[in-house]
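Below: one structure, written as structure tokens.
The values are calculated or read from the model by the stated rules, or taken from the named source; none is laboratory data. Predicted, not measured: the structure shown is a model, and the values here were computed from it. Cβ placement follows ideal geometry from the backbone for every residue including glycine, while neighbour counts extend to all protein chains displayed.
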Amino acid sequence: MTHAIRFHAPGGPEVLRWEEVGVVDTAPNEARVRHHAVGLNYIDIYHRTGAYPLPLPSGIGLEGAGVVEVVGSAVTDLKAGDRVAYAGGPVGAYAEVRNIPADRLVKLPDAIDFKTGAAMMLQGMTAQYLLRRTCPVQAGDTILIHAAAGGVGLIVCQWARALGVTVIGTVGSDEKAALAKAHGCDHTIVYTRENFGERVKEITSGRGVRVVYDSIGKDTFTGSLDCLRPMGMMVLFGAASGPPPLFDTGELGKRGSLFLTRPSLFAYTAARSDLVAISTDLFGMVTSGKVKIEVNQTYGLKDAAQAQIDLVARKTTGSTVLLP
């Protein structure tokens, strides 16, 4: 027997339970992974609250790193003892041991430790598709990233700097502003006392930015559109404050033929070839030192509820991992 965090009904953090669970035999296409670290992400909150419903009872968590213990009979490119990491479905990462489809696993380079591996996959691959696929940016561009001191934000700031991009980031405090600046954010806006739309126009001399990467949703959506230059792109990749209001798409034309997209990592990594390409690009940026993954909080896996409480309260910066 082993242990995992499970929940039987949607609700607050109190619904998360540390339960003893059995480990079934691996299916032919699966591998059994013993986790050394598990990633904490905001989508875990959506799953727990029912905003993104799951069949219940359910495990939770989409990201982890560890060692392969057993592989199924049809698995040919992994073996027992391999160091691996993953991000994406199926849910169930908040566990000491789990079975997972082998085609969702990638080999973790020896230069990257397990805590970093667990912290970087979902957030790092998100940063990769945002900057290199959804709206590929290049030297000379100016972008806006909300929650610049968060896990995705710190990676985006560093990666964009390496590409020669000017980064404007919103943060919630002076401490977070300093953290974002230390990771490549050229201009920080403390949204608790500054109007970010007005500040972006000041910083860009009224031109606006090429792209806004917005994971906040309701509280920032309209203001984000105001920050875009004509034919700019609004990339809504999360909704931490709730879904944005109903929107007349005619506004996109009135504001200068804007583009609006709602991407997800799951679509960008659905094909095995894309998963490998995106993760390989991420590993290269990390091992080169151009992107450093900041694991600023660790919790015991059994304390996942408290970790989620602190994440929602915005008490965390960078990445958080759970340790079995």
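With the condition kept exactly as written, say whether any residue in segment 211-219 is without any contact (Cβ under 8 Å) to a residue 40 or more places away in the chain, touching a Leu at 6+ places or on another chain (Cβ under 8 Å) and farther than 22 Å from residue 43 by Cβ.
no
Please determine, by comparing only the residues of segment 130-147 that are outside any loop (DSSP other than H, G, I, E, B) and polar (S, T, N, Q), which one is surrounded by the most Cβ atoms within 10 Å (Cβ to Cβ).
Looking at the filtered set, the residue picked out is 142.
When only residues in segment 205-224 that are touching a strand residue (DSSP E or B) at 6+ places or on another chain (Cβ under 6 Å) and part of a loop (DSSP other than H, G, I, E, B) count, which is surrounded by the most Cβ atoms within 10 Å (Cβ to Cβ)?
This residue is 220.
Residue 11 fails exactly one of the following numbered conditions: (1) in contact (Cβ under 8 Å) with a residue 40 or more places away in the chain; (2) closer than 26 Å to residue 241 by Cα. What is the number of that condition?
The single condition residue 11 does not satisfy is (1).
Keeping to segment 278-324, report how many residues are within 17 Å of the chain's Cα centre (by Cα), farther than 27 Å from residue 5 by Cα and not basic (Lys, Arg).
So the count comes out to 8.
Here is a list: 65, 93, 27. Which entry is out of contact with any Lys or Arg (no Cβ under 9 Å at 6 or more places or on another chain) and surrounded by 23 or more Cβ atoms within 10 Å (Cβ to Cβ)?
Working: 65 fails: out of contact with any Lys or Arg (no Cβ under 9 Å at 6 or more places or on another chain); 27 fails: surrounded by 23 or more Cβ atoms within 10 Å (Cβ to Cβ).
Only one candidate passes the filter, namely 93.
Tell me the residue from 75, 71 that is in contact with a helix residue (DSSP H, G or I) (Cβ under 7 Å, 6 or more places away or on another chain), among the aliphatic types (A, V, I, L, M) and surrounded by fewer than 21 Cβ atoms within 10 Å (Cβ to Cβ), please. Steps first, please.
On the way: 71 fails: surrounded by fewer than 21 Cβ atoms within 10 Å (Cβ to Cβ).
Unique residue meeting the criteria: 75.
Six or more apart or on different chains, Cβ under 6 Å: which pairs go from a residue in segment 178-194 that's not assigned by TED's automatic domain parsing to the domain that holds residue 157 and modelled with pLDDT under 95 to one that's crowded, with 23+ Cβ neighbours inside 10 Å and assigned to a helix (DSSP H, G or I)? Could you list them?
none
Name the single residue that is farthest from residue 288 (Cα to Cα) among those in segment 174-202 being surrounded by 16 or more Cβ atoms within 10 Å (Cβ to Cβ) and hydroxyl-bearing (Ser, Thr, Tyr).
Top of the filtered list is 191.
Please enumerate the residues belonging to segment 104-126 that are over 24 Å from residue 23 (Cα atoms) and either in a loop (DSSP other than H, G, I, E, B) or in contact with a Cys (Cβ under 9 Å, 6 or more places away or on another chain) (or both). Reasoning before the result, please.
Of all residues in segment 104-126, those over 24 Å from residue 23 (Cα atoms) come to 109-113, 116, 119-126.
The answer is 109, 110, 111, 112, 113.
Return the residues of segment 301-324 that are surrounded by 20 or more Cβ atoms within 10 Å (Cβ to Cβ), modelled with pLDDT of 95 or more and either of a type in the set (Phe, Trp, Tyr) or over 14 Å from residue 93 (Cα atoms) (or both); say none if nothing qualifies.
Filtering segment 301-324 for residues surrounded by 20 or more Cβ atoms within 10 Å (Cβ to Cβ) gives 301, 304, 307-308, 311, 317-322.
Then keep just the ones that are modelled with pLDDT of 95 or more; that gives 301, 304, 307-308, 321-322.
Scanning segment 301-324 gives 307, 308.
Among the helices (runs of 4 or more DSSP H) lying completely within segment 235-317, list those that include at least 2 residues that are closer than 20 Å to residue 38 by Cα.
Once the helices (runs of 4 or more DSSP H) in segment 235-317 are filtered for at least 2 residues that are closer than 20 Å to residue 38 by Cα, what remains is 265-268, 272-287, 304-312.
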